[in-house]
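This is the structure I want to talk about, given as C-alpha coordinates.
The values are calculated or read from the model by the stated rules, or taken from the named source; none is laboratory data. Everything quoted here is computed from the prediction, not taken from an experiment. Here the Cβ is made from the backbone with ideal geometry for all residues, glycine too, and neighbour counts use every protein chain on show. Protein only, heavy atoms only, side chains kept; ligands, DNA and RNA dropped before computing areas. Shrake-Rupley method; radii C 1.70, N 1.55, O 1.52, S 1.80 Å.
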Amino acid sequence: MAAASPPLSGITVIDLTRVLAGPYCTMVLRDLGADVIKVEPPQGDEARGFGPFLPDGDGGGRGESAYFTSLNCGKRSVVLDLKGDAGRAALAALIRRADVLVENFRPGTLARLGFPPERLVTLNERLVYAAISGFGATGPDAQRPAYDMIIQALSGLMSITGTEPEPLAQPRRVRVGTSIADIVSGLYAALGIVAALAQRAHSGRGAMLDLGMFDATVSVLENAVARFQVTGAVPGPLGTRHPSITPFEAYATADQEIVIAAGNDRLFAALCAVLGLDRLPADRRFASNAARNEHVAVLKGELESALRSQPGSFWLQRLAAAGVPAAPVNTVADLFADPQIAARGMLLPVAGLERFLVPGSPLKFAGMAMERQRPPAPELGEHTAPVLAELASEPDTGDK
(Lines give C-alpha, C1' and ligand atoms only; values in the text may rest on other atoms or scores of the structure.)
Protein backbone atom coordinates (compact mmCIF):
# COMPACT_ATOMS: atom_id res chain seq x y z
CA MET A 1 0.00 0.00 0.00
CA ALA A 2 1.11 3.55 -0.64
CA ALA A 3 2.43 5.52 2.31
CA ALA A 4 -0.36 7.34 4.10
CA SER A 5 -0.45 10.47 6.23
CA PRO A 6 -1.36 10.02 9.89
CA PRO A 7 -5.15 10.14 10.40
CA LEU A 8 -5.15 13.43 12.34
CA SER A 9 -2.71 15.29 10.09
CA GLY A 10 -3.83 18.92 9.85
CA ILE A 11 -5.66 18.83 13.20
CA THR A 12 -4.50 21.40 15.76
CA VAL A 13 -4.95 20.60 19.45
CA ILE A 14 -4.67 23.20 22.22
CA ASP A 15 -3.50 21.25 25.26
CA LEU A 16 -4.20 22.90 28.62
CA THR A 17 -3.60 19.68 30.54
CA ARG A 18 -1.00 18.61 33.05
CA VAL A 19 0.37 15.56 34.88
CA LEU A 20 -1.17 12.39 33.36
CA ALA A 21 -4.82 11.93 32.28
CA GLY A 22 -4.89 14.94 29.97
CA PRO A 23 -1.32 14.61 28.67
CA TYR A 24 -1.96 10.92 27.95
CA CYS A 25 -4.98 11.91 25.85
CA THR A 26 -3.02 14.50 23.87
CA MET A 27 -0.09 12.08 23.49
CA VAL A 28 -2.46 9.68 21.70
CA LEU A 29 -3.70 12.53 19.48
CA ARG A 30 -0.09 13.48 18.69
CA ASP A 31 0.68 9.88 17.80
CA LEU A 32 -2.25 10.03 15.36
CA GLY A 33 -0.70 13.04 13.63
CA ALA A 34 -2.21 16.06 15.39
CA ASP A 35 -0.19 19.21 16.06
CA VAL A 36 -0.40 19.47 19.85
CA ILE A 37 0.32 22.91 21.32
CA LYS A 38 0.90 22.45 25.03
CA VAL A 39 -0.04 25.67 26.80
CA GLU A 40 1.76 25.85 30.14
CA PRO A 41 1.75 28.41 32.95
CA PRO A 42 5.02 30.25 33.62
CA GLN A 43 6.04 27.60 36.18
CA GLY A 44 5.28 24.80 33.72
CA ASP A 45 3.41 21.52 33.99
CA GLU A 46 4.15 20.23 37.50
CA ALA A 47 5.10 16.88 35.95
CA ARG A 48 8.34 18.55 34.83
CA GLY A 49 9.36 18.26 38.47
CA PHE A 50 8.54 14.56 38.83
CA GLY A 51 11.48 12.15 38.97
CA PRO A 52 13.38 10.21 37.96
CA PHE A 53 15.47 12.73 36.04
CA LEU A 54 17.65 12.18 33.01
CA PRO A 55 21.28 13.36 33.06
CA ASP A 56 21.83 16.86 31.72
CA GLY A 57 23.50 17.46 28.37
CA ASP A 58 26.97 17.03 29.86
CA GLY A 59 26.11 13.60 31.23
CA GLY A 60 25.83 14.66 34.84
CA GLY A 61 23.48 16.61 37.05
CA ARG A 62 19.72 16.81 36.77
CA GLY A 63 18.24 17.05 33.30
CA GLU A 64 14.71 16.55 32.03
CA SER A 65 12.05 14.62 33.90
CA ALA A 66 11.82 11.11 32.47
CA TYR A 67 8.15 11.09 33.54
CA PHE A 68 7.38 14.30 31.62
CA THR A 69 9.39 13.22 28.59
CA SER A 70 7.54 9.91 28.25
CA LEU A 71 4.18 11.71 27.93
CA ASN A 72 5.02 14.82 25.93
CA CYS A 73 7.29 13.83 23.04
CA GLY A 74 6.54 15.79 19.89
CA LYS A 75 4.31 18.43 21.47
CA ARG A 76 5.01 22.16 21.23
CA SER A 77 5.29 24.16 24.47
CA VAL A 78 3.87 27.67 24.71
CA VAL A 79 3.99 29.59 27.99
CA LEU A 80 0.97 31.80 28.67
CA ASP A 81 -0.08 33.43 31.91
CA LEU A 82 -3.84 32.97 31.76
CA LYS A 83 -4.31 35.20 34.80
CA GLY A 84 -3.23 38.18 32.68
CA ASP A 85 -4.94 39.91 29.77
CA ALA A 86 -2.12 39.19 27.30
CA GLY A 87 -2.14 35.47 28.05
CA ARG A 88 -5.92 35.22 27.73
CA ALA A 89 -5.87 37.15 24.46
CA ALA A 90 -3.23 34.78 23.07
CA LEU A 91 -5.27 31.76 24.14
CA ALA A 92 -8.36 33.20 22.46
CA ALA A 93 -6.37 33.61 19.25
CA LEU A 94 -5.20 30.00 19.48
CA ILE A 95 -8.75 28.76 20.06
CA ARG A 96 -10.03 30.59 16.97
CA ARG A 97 -7.64 28.58 14.80
CA ALA A 98 -7.73 25.24 16.64
CA ASP A 99 -9.73 22.11 16.05
CA VAL A 100 -9.57 20.70 19.59
CA LEU A 101 -9.17 22.10 23.11
CA VAL A 102 -8.36 19.71 25.96
CA GLU A 103 -8.15 20.67 29.64
CA ASN A 104 -8.14 18.82 32.95
CA PHE A 105 -8.86 21.61 35.40
CA ARG A 106 -11.45 21.26 38.12
CA PRO A 107 -14.88 22.03 36.57
CA GLY A 108 -15.49 25.76 36.19
CA THR A 109 -11.83 26.80 36.24
CA LEU A 110 -11.61 27.58 32.53
CA ALA A 111 -14.83 29.61 32.77
CA ARG A 112 -13.37 31.64 35.64
CA LEU A 113 -10.37 32.36 33.43
CA GLY A 114 -12.74 33.94 30.91
CA PHE A 115 -13.53 30.97 28.68
CA PRO A 116 -16.96 29.56 29.54
CA PRO A 117 -18.41 27.08 27.02
CA GLU A 118 -20.59 29.73 25.39
CA ARG A 119 -17.56 31.90 24.66
CA LEU A 120 -15.68 28.94 23.21
CA VAL A 121 -18.57 28.46 20.76
CA THR A 122 -18.45 32.17 19.91
CA LEU A 123 -14.73 32.00 19.29
CA ASN A 124 -14.92 28.85 17.21
CA GLU A 125 -18.16 26.99 16.51
CA ARG A 126 -16.18 24.08 15.02
CA LEU A 127 -14.13 23.55 18.20
CA VAL A 128 -14.17 20.15 19.88
CA TYR A 129 -13.79 20.91 23.59
CA ALA A 130 -12.86 18.05 25.96
CA ALA A 131 -12.88 18.64 29.72
CA ILE A 132 -11.35 15.88 31.85
CA SER A 133 -11.91 15.98 35.60
CA GLY A 134 -12.10 13.62 38.53
CA PHE A 135 -15.87 13.33 38.70
CA GLY A 136 -17.24 15.19 35.69
CA ALA A 137 -19.02 18.55 35.62
CA THR A 138 -22.26 17.41 37.26
CA GLY A 139 -23.29 15.54 40.40
CA PRO A 140 -22.57 16.11 44.10
CA ASP A 141 -18.85 15.34 43.75
CA ALA A 142 -18.16 17.59 40.74
CA GLN A 143 -15.85 19.88 42.73
CA ARG A 144 -14.13 17.10 44.63
CA PRO A 145 -10.36 16.86 43.95
CA ALA A 146 -9.06 13.56 42.64
CA TYR A 147 -5.91 11.67 41.87
CA ASP A 148 -5.58 8.23 40.30
CA MET A 149 -5.28 6.58 43.74
CA ILE A 150 -8.52 8.21 44.92
CA ILE A 151 -10.39 7.05 41.83
CA GLN A 152 -9.00 3.51 42.07
CA ALA A 153 -10.30 3.33 45.63
CA LEU A 154 -13.71 4.90 45.07
CA SER A 155 -14.48 3.03 41.86
CA GLY A 156 -14.17 -0.40 43.47
CA LEU A 157 -11.16 -1.27 41.33
CA MET A 158 -8.84 -1.47 44.32
CA SER A 159 -11.28 -3.74 46.16
CA ILE A 160 -10.86 -6.45 43.51
CA THR A 161 -7.10 -6.04 43.10
CA GLY A 162 -4.69 -7.77 45.45
CA THR A 163 -3.87 -11.09 47.05
CA GLU A 164 -6.46 -13.80 47.46
CA PRO A 165 -7.58 -13.95 51.10
CA GLU A 166 -5.89 -16.53 53.28
CA PRO A 167 -7.94 -18.54 55.81
CA LEU A 168 -8.81 -16.39 58.84
CA ALA A 169 -7.09 -13.36 57.31
CA GLN A 170 -8.31 -10.31 55.45
CA PRO A 171 -7.24 -9.96 51.79
CA ARG A 172 -4.58 -7.37 51.09
CA ARG A 173 -5.94 -4.85 48.62
CA VAL A 174 -3.45 -2.99 46.46
CA ARG A 175 -3.34 -0.22 43.90
CA VAL A 176 -3.02 -1.36 40.29
CA GLY A 177 0.68 -1.01 39.44
CA THR A 178 0.14 1.66 36.80
CA SER A 179 -2.05 4.78 37.03
CA ILE A 180 -4.84 3.01 35.24
CA ALA A 181 -7.63 5.46 36.16
CA ASP A 182 -5.69 8.33 34.58
CA ILE A 183 -4.74 6.28 31.55
CA VAL A 184 -8.23 4.89 30.87
CA SER A 185 -9.61 8.42 31.18
CA GLY A 186 -7.05 9.72 28.71
CA LEU A 187 -7.89 6.97 26.24
CA TYR A 188 -11.64 7.58 26.54
CA ALA A 189 -11.09 11.31 26.04
CA ALA A 190 -9.04 10.68 22.89
CA LEU A 191 -11.75 8.35 21.59
CA GLY A 192 -14.44 10.93 22.30
CA ILE A 193 -12.45 13.63 20.53
CA VAL A 194 -11.94 11.50 17.43
CA ALA A 195 -15.67 10.67 17.41
CA ALA A 196 -16.55 14.37 17.70
CA LEU A 197 -14.22 15.22 14.82
CA ALA A 198 -15.93 12.59 12.69
CA GLN A 199 -19.34 14.06 13.58
CA ARG A 200 -18.06 17.55 12.79
CA ALA A 201 -17.17 16.43 9.28
CA HIS A 202 -20.92 16.01 8.66
CA SER A 203 -22.47 18.69 10.90
CA GLY A 204 -19.86 21.42 10.58
CA ARG A 205 -20.12 22.07 14.32
CA GLY A 206 -17.93 21.14 17.24
CA ALA A 207 -18.89 19.44 20.49
CA MET A 208 -18.22 19.47 24.21
CA LEU A 209 -17.03 16.31 25.98
CA ASP A 210 -17.40 16.06 29.78
CA LEU A 211 -15.17 13.15 30.87
CA GLY A 212 -15.04 12.05 34.52
CA MET A 213 -12.24 9.77 35.69
CA PHE A 214 -14.64 8.11 38.15
CA ASP A 215 -17.05 7.30 35.30
CA ALA A 216 -14.27 5.99 33.07
CA THR A 217 -12.86 3.67 35.73
CA VAL A 218 -16.26 2.26 36.75
CA SER A 219 -16.90 1.51 33.07
CA VAL A 220 -13.93 -0.90 32.94
CA LEU A 221 -14.81 -2.98 36.00
CA GLU A 222 -15.73 -5.66 33.48
CA ASN A 223 -17.69 -8.57 34.94
CA ALA A 224 -17.43 -7.53 38.60
CA VAL A 225 -20.61 -5.45 38.30
CA ALA A 226 -22.50 -8.30 36.65
CA ARG A 227 -21.19 -10.93 39.10
CA PHE A 228 -22.32 -8.94 42.11
CA GLN A 229 -25.86 -8.63 40.78
CA VAL A 230 -26.19 -12.25 39.75
CA THR A 231 -24.52 -13.91 42.75
CA GLY A 232 -25.14 -11.37 45.49
CA ALA A 233 -21.54 -11.86 46.64
CA VAL A 234 -19.31 -8.78 46.82
CA PRO A 235 -16.32 -9.40 44.52
CA GLY A 236 -12.94 -9.36 46.23
CA PRO A 237 -9.30 -9.77 45.22
CA LEU A 238 -8.32 -13.11 43.71
CA GLY A 239 -4.61 -12.66 43.19
CA THR A 240 -3.84 -13.85 39.67
CA ARG A 241 -6.95 -16.02 39.39
CA HIS A 242 -9.79 -15.33 36.97
CA PRO A 243 -13.18 -15.24 38.69
CA SER A 244 -14.98 -17.45 36.19
CA ILE A 245 -12.41 -19.39 34.13
CA THR A 246 -10.23 -22.24 35.46
CA PRO A 247 -7.33 -22.95 35.07
CA PHE A 248 -6.45 -19.32 34.48
CA GLU A 249 -3.78 -18.01 36.89
CA ALA A 250 -0.14 -18.21 37.97
CA TYR A 251 1.31 -21.60 38.92
CA ALA A 252 4.57 -22.56 40.62
CA THR A 253 7.16 -24.60 38.71
CA ALA A 254 10.52 -25.84 40.00
CA ASP A 255 12.11 -22.39 39.70
CA GLN A 256 9.54 -19.72 38.85
CA GLU A 257 5.87 -18.90 38.50
CA ILE A 258 4.30 -19.06 35.06
CA VAL A 259 0.81 -18.12 33.99
CA ILE A 260 -1.42 -20.61 32.20
CA ALA A 261 -4.72 -19.68 30.56
CA ALA A 262 -6.63 -22.80 29.50
CA GLY A 263 -9.88 -21.09 28.65
CA ASN A 264 -11.90 -24.03 27.37
CA ASP A 265 -12.22 -27.82 27.63
CA ARG A 266 -10.00 -28.47 24.61
CA LEU A 267 -7.15 -26.39 26.04
CA PHE A 268 -7.61 -28.00 29.45
CA ALA A 269 -7.25 -31.45 27.90
CA ALA A 270 -4.12 -30.31 26.02
CA LEU A 271 -2.65 -28.89 29.24
CA CYS A 272 -3.30 -32.15 31.09
CA ALA A 273 -1.67 -34.12 28.27
CA VAL A 274 1.49 -31.99 28.50
CA LEU A 275 1.63 -32.47 32.28
CA GLY A 276 0.96 -36.22 32.14
CA LEU A 277 -2.38 -35.78 33.90
CA ASP A 278 -4.64 -37.35 31.28
CA ARG A 279 -6.94 -38.69 33.99
CA LEU A 280 -8.12 -35.19 35.01
CA PRO A 281 -10.45 -34.28 32.12
CA ALA A 282 -12.56 -37.38 32.90
CA ASP A 283 -12.78 -36.53 36.60
CA ARG A 284 -16.26 -35.12 37.25
CA ARG A 285 -14.71 -32.36 39.39
CA PHE A 286 -12.83 -31.06 36.36
CA ALA A 287 -14.97 -32.18 33.41
CA SER A 288 -16.32 -28.68 32.67
CA ASN A 289 -15.29 -25.10 33.33
CA ALA A 290 -18.12 -24.73 35.85
CA ALA A 291 -16.92 -27.81 37.72
CA ARG A 292 -13.30 -26.62 37.62
CA ASN A 293 -14.37 -23.27 39.10
CA GLU A 294 -16.00 -25.10 42.00
CA HIS A 295 -12.85 -27.10 42.69
CA VAL A 296 -10.21 -24.52 41.83
CA ALA A 297 -7.99 -25.15 44.87
CA VAL A 298 -7.95 -28.92 44.37
CA LEU A 299 -7.16 -28.52 40.69
CA LYS A 300 -4.34 -26.08 41.39
CA GLY A 301 -2.78 -28.65 43.71
CA GLU A 302 -2.95 -31.31 41.01
CA LEU A 303 -1.42 -29.04 38.37
CA GLU A 304 1.36 -27.72 40.59
CA SER A 305 2.31 -31.20 41.73
CA ALA A 306 3.31 -31.88 38.12
CA LEU A 307 4.64 -28.41 37.30
CA ARG A 308 7.06 -28.38 40.25
CA SER A 309 8.94 -31.33 38.75
CA GLN A 310 10.60 -29.17 36.05
CA PRO A 311 11.72 -25.55 35.58
CA GLY A 312 9.43 -23.00 34.01
CA SER A 313 11.33 -22.88 30.70
CA PHE A 314 10.78 -26.63 30.27
CA TRP A 315 7.02 -26.29 30.62
CA LEU A 316 6.73 -23.10 28.58
CA GLN A 317 8.39 -24.77 25.61
CA ARG A 318 6.08 -27.80 25.77
CA LEU A 319 2.94 -25.78 26.39
CA ALA A 320 3.73 -23.57 23.41
CA ALA A 321 4.18 -26.66 21.21
CA ALA A 322 0.78 -27.92 22.37
CA GLY A 323 -0.92 -24.58 21.69
CA VAL A 324 -1.72 -23.90 25.34
CA PRO A 325 -1.48 -20.16 26.18
CA ALA A 326 1.22 -19.70 28.81
CA ALA A 327 3.88 -17.13 29.66
CA PRO A 328 6.55 -16.24 32.18
CA VAL A 329 5.86 -13.35 34.54
CA ASN A 330 8.15 -10.82 32.89
CA THR A 331 9.69 -7.89 34.67
CA VAL A 332 9.86 -4.49 33.00
CA ALA A 333 13.58 -5.19 32.40
CA ASP A 334 12.63 -8.27 30.36
CA LEU A 335 10.74 -6.09 27.88
CA PHE A 336 13.96 -4.44 26.75
CA ALA A 337 15.20 -7.78 25.36
CA ASP A 338 11.87 -9.02 23.96
CA PRO A 339 12.07 -9.52 20.17
CA GLN A 340 8.33 -8.97 19.74
CA ILE A 341 8.59 -5.57 21.44
CA ALA A 342 11.49 -4.69 19.12
CA ALA A 343 9.67 -5.87 16.00
CA ARG A 344 6.61 -3.78 16.84
CA GLY A 345 8.57 -0.62 17.72
CA MET A 346 7.17 -0.49 21.23
CA LEU A 347 10.31 0.90 22.91
CA LEU A 348 11.76 3.79 20.95
CA PRO A 349 14.68 6.16 21.48
CA VAL A 350 13.96 9.84 22.00
CA ALA A 351 15.77 12.18 19.60
CA GLY A 352 18.74 13.67 21.39
CA LEU A 353 18.40 11.09 24.16
CA GLU A 354 19.21 7.96 22.16
CA ARG A 355 19.91 5.86 25.26
CA PHE A 356 16.52 6.69 26.77
CA LEU A 357 13.61 4.66 25.42
CA VAL A 358 9.91 5.43 25.79
CA PRO A 359 6.87 3.36 24.77
CA GLY A 360 5.89 3.64 21.13
CA SER A 361 2.34 3.88 19.86
CA PRO A 362 0.35 0.62 19.59
CA LEU A 363 -1.67 2.15 16.73
CA LYS A 364 -0.30 0.65 13.53
CA PHE A 365 -2.05 1.67 10.30
CA ALA A 366 -1.53 -0.17 7.03
CA GLY A 367 0.45 1.95 4.59
CA MET A 368 1.79 4.28 7.28
CA ALA A 369 5.46 4.15 8.15
CA MET A 370 6.07 3.00 11.72
CA GLU A 371 7.76 5.56 13.93
CA ARG A 372 11.37 4.59 14.66
CA GLN A 373 12.27 7.45 16.96
CA ARG A 374 10.27 9.72 19.22
CA PRO A 375 10.73 13.47 18.80
CA PRO A 376 11.96 15.21 21.95
CA ALA A 377 9.66 16.59 24.61
CA PRO A 378 9.62 20.38 24.49
CA GLU A 379 11.54 22.60 26.84
CA LEU A 380 9.29 24.93 28.81
CA GLY A 381 8.16 27.70 26.47
CA GLU A 382 10.36 26.45 23.63
CA HIS A 383 7.73 27.24 20.99
CA THR A 384 6.14 30.37 22.46
CA ALA A 385 7.76 32.76 20.00
CA PRO A 386 7.16 30.76 16.79
CA VAL A 387 3.55 29.91 17.69
CA LEU A 388 2.73 33.52 18.56
CA ALA A 389 4.44 34.57 15.33
CA GLU A 390 2.18 32.18 13.43
CA LEU A 391 -0.83 33.83 15.04
CA ALA A 392 0.44 37.30 14.19
CA SER A 393 0.88 36.33 10.55
CA GLU A 394 -2.77 35.30 10.19
CA PRO A 395 -5.71 37.72 10.02
CA ASP A 396 -7.60 38.04 13.29
CA THR A 397 -11.15 39.34 13.06
CA GLY A 398 -11.95 39.06 16.77
CA ASP A 399 -14.66 36.89 18.33
CA LYS A 400 -16.77 35.26 15.68
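Among the helices (runs of 4 or more DSSP H) contained in segment 303-354, which hold 2 or more residues that are open to solvent by 50 Å² or more (accessible area, probe 1.4 Å) and charged (D, E, K, R)?
none
Here is a yes/no grid of residues against (1) under 16 Å from LEU316 (Cα atoms); (2) surrounded by fewer than 15 Cβ atoms within 10 Å (Cβ to Cβ); (3) not β-branched (Val, Ile, Thr):
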| site | (1), (2), (3) |
| --- | --- |
| PRO247 | yes, no, yes |
| ASP265 | no, yes, yes |
| PRO281 | no, no, yes |
| ARG285 | no, yes, yes |
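Within the group LEU353, LEU357, LEU348, LEU380, which residue is of a type outside the set (Gly, Ala, Ser), touching a strand residue (DSSP E or B) at 6+ places or on another chain (Cβ under 7 Å) and free of Cβ contacts under 8 Å to residues at least 24 places away in the same chain?
Result of the check over LEU353, LEU357, LEU348, LEU380: LEU357.
Show the residue pairs meeting these rules: Cβ distance below 6 Å; 6+ apart or different chains; first residue within segment 105-132 and on the phi > 0 side of the Ramachandran plot; second residue assigned to a helix (DSSP H, G or I) and of a type in the set (D, E, K, R).
From residues that are on the phi > 0 side of the Ramachandran plot, the pairs are GLY114/ARG88.
A follow-up question, please. Restricting to segment 109-128, what's the tally of residues that are within 21 Å of PRO145 (Cα to Cα) and of a type in the set (S, T, N, Q)?
Going through segment 109-128 one residue at a time, the tally reaches 1.
Could you look through segment 225-238, keep only residues that are outside any loop (DSSP other than H, G, I, E, B) and among the β-branched types (Val, Ile, Thr), and pick out the one that is most open to solvent (accessible area, probe 1.4 Å)?
Top of the filtered list is VAL230.
Right, something else. Take segment 18-52 and flag every residue that is surrounded by fewer than 17 Cβ atoms within 10 Å (Cβ to Cβ) and not in a loop (DSSP other than H, G, I, E, B).
Within segment 18-52, GLU46, GLY49 meet the criteria.
A further question on this structure: In segment 239-262, what residues are within 26 Å of the chain's Cα centre (by Cα), in a loop (DSSP other than H, G, I, E, B) and not basic (Lys, Arg)?
Within segment 239-262, GLY239, THR240, HIS242, PRO243, SER244, ILE245 qualify.
Let me ask another. Is there a residue being farther than 30 Å from ALA89 by Cα and open to solvent by less than 70 Å² (accessible area, probe 1.4 Å) anywhere in segment 371-386?
The answer is yes; a qualifying residue exists.
Let me ask you something else. What number of residues in segment 201-224 are open to solvent by 20 Å² or more (accessible area, probe 1.4 Å), part of a helix (DSSP H, G or I) and in contact (Cβ under 8 Å) with a residue 40 or more places away in the chain?
Summing the residues that are open to solvent by 20 Å² or more (accessible area, probe 1.4 Å), part of a helix (DSSP H, G or I) and in contact (Cβ under 8 Å) with a residue 40 or more places away in the chain in segment 201-224 gives 3.
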